[in-house]
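Structure first, commentary second.
The values are calculated or read from the model by the stated rules, or taken from the named source; none is laboratory data. Remember, predicted model here, so these are calculated numbers, not experimental data. In this analysis, Cβ positions are derived from the backbone assuming ideal geometry, glycine residues included, and neighbour counts consider all displayed protein chains.
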Amino acid sequence: MNSEFIGAIEEIAKEKGIDKELLFEAIETSLVSACKKNFGTSQNIKVTINRENGDVVVYAQKTVVETVENDALEISLEEARDININYELDDVIDIEVTPKNFGRIAAQTAKQVVIQRIREAEREIIYNHYITKERDVMTGIIQRKERKNVIINLGKAEAILQPNEQIPTEEYEINNRIKVYILEVKQTTKGSQIFVSRTHPELVKRLFEQEVPEVYEGIVEIKSISREAGSRTKMAVCSNNPEVDPVGACVGQNGQRVNVIVNELRGEKIDIIQWSEDPTEFIAAALSPSKVVNVKVVDEENKSASVIVPDYQLSLAIGKEGQNARLAAKLTGWKIDIKSESQAKEAGITFEDNEIDHDNETNSNTEE
């Protein structure tokens, strides 16, 4: 231990962002254990490192007593006052007992402690960096595949894309860049574990925040999202500024903004619809790209509604394997019963109350 070692500790502390005093205290604590292990002492040991020159001194700590019963732990008042006249009973005295050749043991121990603390500090720094990224989107590079997991390099750490968070239709090719949603960051003894997703609906929301300034600034608000990852997403938006068209802002000129996100999601269709406080208007819009003739609230308490669409639009309203209707129900939070005009007529269904006519163009930016 010497001044060069002190300089090295100061440099390491500065470079790694570690408090150098914590390093010194950790080394001193470890030297106590090293001293007892190597010299088999039963004394109460204290080790100090001179912060200027690196000198290491070992002290035996003894309590001042009237009658000594344990030489290793106690010292008489008379002996104590031979050292310093001011000592009183129950004072604790530090008596130097530095073993010969202890410097070599000290240097070896200090090196091990510093390496361990650097690793711990680096793990802490990485954890603190990524914990702030939870529920956000990051860009990474696909590193490798381990069993069914995809490992993605996020820069300072690797993230795990588990099978249930992968889009079945996507191919995860090594070295490809990919955007992922940070689901969870865990601190473990081996470092940070970062779990990411490509299927989470919030991924779509964060991508729109990145691509659409009005969404990022809160002018356009994303009210709800329903998603079947890899196939289709429905997103309801509203504007907090009457001069800003929320759907147009998200779609962009000639679809430029939404197409960036569609490309990032490998062609996943995205329907952007106008949110409304009126459930009949909201439900009708949610069923886009299908046209809707009428919507009637059947049970407001249980959120149940009936919808009539043109005969030729029935399959479009329901969607392939019921997807369009299913996504519309998730988006609105309403149970939706869809019938064609012919079916409604045969069933004798009338819409005298809460009737609304929807023969407008679809707000969907994609075609079925």
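Residue check: is D90 farther than 30 Å from F5 by Cβ, of a type in the set (D, E, K, R), loosely packed, with under 14 Cβ neighbours inside 10 Å and in contact with a Lys or Arg (Cβ under 9 Å, 6 or more places away or on another chain)? Walk me through it before giving the result.
Values: farther than 30 Å from F5 by Cβ: yes; of a type in the set (D, E, K, R): yes; loosely packed, with under 14 Cβ neighbours inside 10 Å: yes; in contact with a Lys or Arg (Cβ under 9 Å, 6 or more places away or on another chain): no.
No; evaluated as a whole, the condition is false for this residue.
Considering I160, I194, I178, which residue is buried (at least 20 other Cβ atoms within 10 Å of the Cβ) and either under 18 Å from V137 (Cβ atoms) or touching an Asp or Glu at 6+ places or on another chain (Cβ under 8 Å) (or both)? Walk me through it before giving the result.
Values: I160 fails: buried (at least 20 other Cβ atoms within 10 Å of the Cβ); I178 fails: buried (at least 20 other Cβ atoms within 10 Å of the Cβ).
Only one candidate passes the filter, namely I194.
Out of curiosity, is R119 basic (K, R), under 30 Å from the mean Cα position of the chain (by Cα) and outside the structural domain of N175 (by TED's automatic domain parsing)? Please lay out each step first, then the result.
Numbers: basic (K, R): yes; under 30 Å from the mean Cα position of the chain (by Cα): yes; outside the structural domain of N175 (by TED's automatic domain parsing): yes.
Judged against the criteria, R119 is a match.
Among the residues that make up region 177-197, is at least one of them in contact (Cβ under 8 Å) with a residue 40 or more places away in the chain, in a loop (DSSP other than H, G, I, E, B) and not acidic (D, E)?
Let us first name the residues in region 177-197 that are in contact (Cβ under 8 Å) with a residue 40 or more places away in the chain, namely 179-185, 187, 191-192, 194, 196.
Checking the rest, the ones that are also in a loop (DSSP other than H, G, I, E, B) come to none.
For region 177-197, residues in contact (Cβ under 8 Å) with a residue 40 or more places away in the chain, in a loop (DSSP other than H, G, I, E, B) and not acidic (D, E): absent.
Looking at region 46-84 only, could you name the residues that are within 29 Å of A8 (Cα to Cα) and in a loop (DSSP other than H, G, I, E, B)? Please lay out each step first, then the result.
Step one: list which residues in region 46-84 are within 29 Å of A8 (Cα to Cα), which gives 46-60.
N50, R51, E52, N53, G54, D55, listed by residue number.
Of the residues in region 88-104, how many are outside any loop (DSSP other than H, G, I, E, B) and touching a residue at least 24 places away in the same chain (Cβ under 8 Å)?
Filtering region 88-104 down to residues outside any loop (DSSP other than H, G, I, E, B) leaves 92-96, 102-104.
Filter once more, keeping what is touching a residue at least 24 places away in the same chain (Cβ under 8 Å): 92-96, 102-103.
Residues flagged as outside any loop (DSSP other than H, G, I, E, B) and touching a residue at least 24 places away in the same chain (Cβ under 8 Å) within region 88-104 amount to 7.
Of all the residues that make up region 50-74, how many are under 49 Å from the mean Cα position of the chain (by Cα) and of a type outside the set (G, A, S)?
Applying the first criterion (under 49 Å from the mean Cα position of the chain (by Cα)) to region 50-74 yields 50-61.
Remaining after also requiring of a type outside the set (G, A, S): 50-53, 55-59, 61.
Number satisfying all stated conditions: 10.
Let me confirm something: among Q313, Q323, which residue is over 21 Å from I349 (Cβ atoms), part of a helix (DSSP H, G or I) and polar (S, T, N, Q)? Talk me through it step by step, then tell me what you get.
On the way: Q313 fails: over 21 Å from I349 (Cβ atoms).
Of the residues listed, the single one that is over 21 Å from I349 (Cβ atoms), part of a helix (DSSP H, G or I) and polar (S, T, N, Q) is Q323.
Let me spell it out: the conditions are (1) exposed (fewer than 13 other Cβ atoms within 10 Å of the Cβ); (2) under 24 Å from I6 (Cβ atoms), and G103 meets all of them except one. Which number is the exception?
(1)
State the number of residues belonging to region 301-315 that are in contact (Cβ under 8 Å) with a residue 12 or more places away in the chain and farther than 14 Å from E341 by Cα. Spell out how you get there, then give the answer.
In the first step, residues of region 301-315 are kept if they are in contact (Cβ under 8 Å) with a residue 12 or more places away in the chain; the result is 302-311, 313-314.
Next cut, farther than 14 Å from E341 by Cα only: 302-305.
Residues that pass the stated criteria total 4.
Which members of region 106-142 meet the condition of being of a type in the set (V, I, T) and either closer than 29 Å to I178 by Cα or in a loop (DSSP other than H, G, I, E, B) (or both)? Let's see the steps before the verdict.
Narrowing region 106-142 to residues of a type in the set (V, I, T): 109, 113-115, 118, 125-126, 131-132, 137, 139, 141-142.
Correct list: I125, I126, I131, T132, V137, T139, I141, I142.
E69 passes all but one of (1) surrounded by fewer than 13 Cβ atoms within 10 Å (Cβ to Cβ); (2) modelled with pLDDT under 80; which number fails?
It fails just one condition, (2).
Test I27 against the stated conditions and say whether it is under 30 Å from I126 (Cβ atoms), among the hydrophobic types (A, V, I, L, M, F, W, C) and surrounded by 18 or more Cβ atoms within 10 Å (Cβ to Cβ).
Working: under 30 Å from I126 (Cβ atoms): yes; among the hydrophobic types (A, V, I, L, M, F, W, C): yes; surrounded by 18 or more Cβ atoms within 10 Å (Cβ to Cβ): yes.
Judged against the criteria, I27 is a match.
Quickly run through region 316-337 and pick out the residues that are surrounded by fewer than 17 Cβ atoms within 10 Å (Cβ to Cβ), at negative phi and either not assigned by TED's automatic domain parsing to the domain that holds V293 or not charged (D, E, K, R) (or both).
Q323, the sole residue that qualifies.
Conditions (1) over 30 Å from V64 (Cβ atoms); (2) outside the structural domain of E21 (by TED's automatic domain parsing); (3) modelled with pLDDT of 95 or more, marked per residue:
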{"site": "R104", "(1), (2), (3)": "yes, no, no"}
{"site": "V113", "(1), (2), (3)": "yes, no, no"}
{"site": "K148", "(1), (2), (3)": "yes, yes, no"}
{"site": "I152", "(1), (2), (3)": "yes, yes, yes"}
{"site": "P168", "(1), (2), (3)": "yes, yes, no"}
{"site": "I178", "(1), (2), (3)": "yes, yes, yes"}
{"site": "T188", "(1), (2), (3)": "yes, yes, no"}
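So I141 clears everything in (1) surrounded by 13 or more Cβ atoms within 10 Å (Cβ to Cβ); (2) over 22 Å from R206 (Cβ atoms) except one condition, right? Which one?
Going through (1) surrounded by 13 or more Cβ atoms within 10 Å (Cβ to Cβ); (2) over 22 Å from R206 (Cβ atoms) one by one, I141 breaks only (2).
Any residue at all in region 338-348 that is modelled with pLDDT of 95 or more, surrounded by 12 or more Cβ atoms within 10 Å (Cβ to Cβ), in a helix (DSSP H, G or I) and polar (S, T, N, Q)?
No, region 338-348 contains no residue that is modelled with pLDDT of 95 or more, surrounded by 12 or more Cβ atoms within 10 Å (Cβ to Cβ), in a helix (DSSP H, G or I) and polar (S, T, N, Q).
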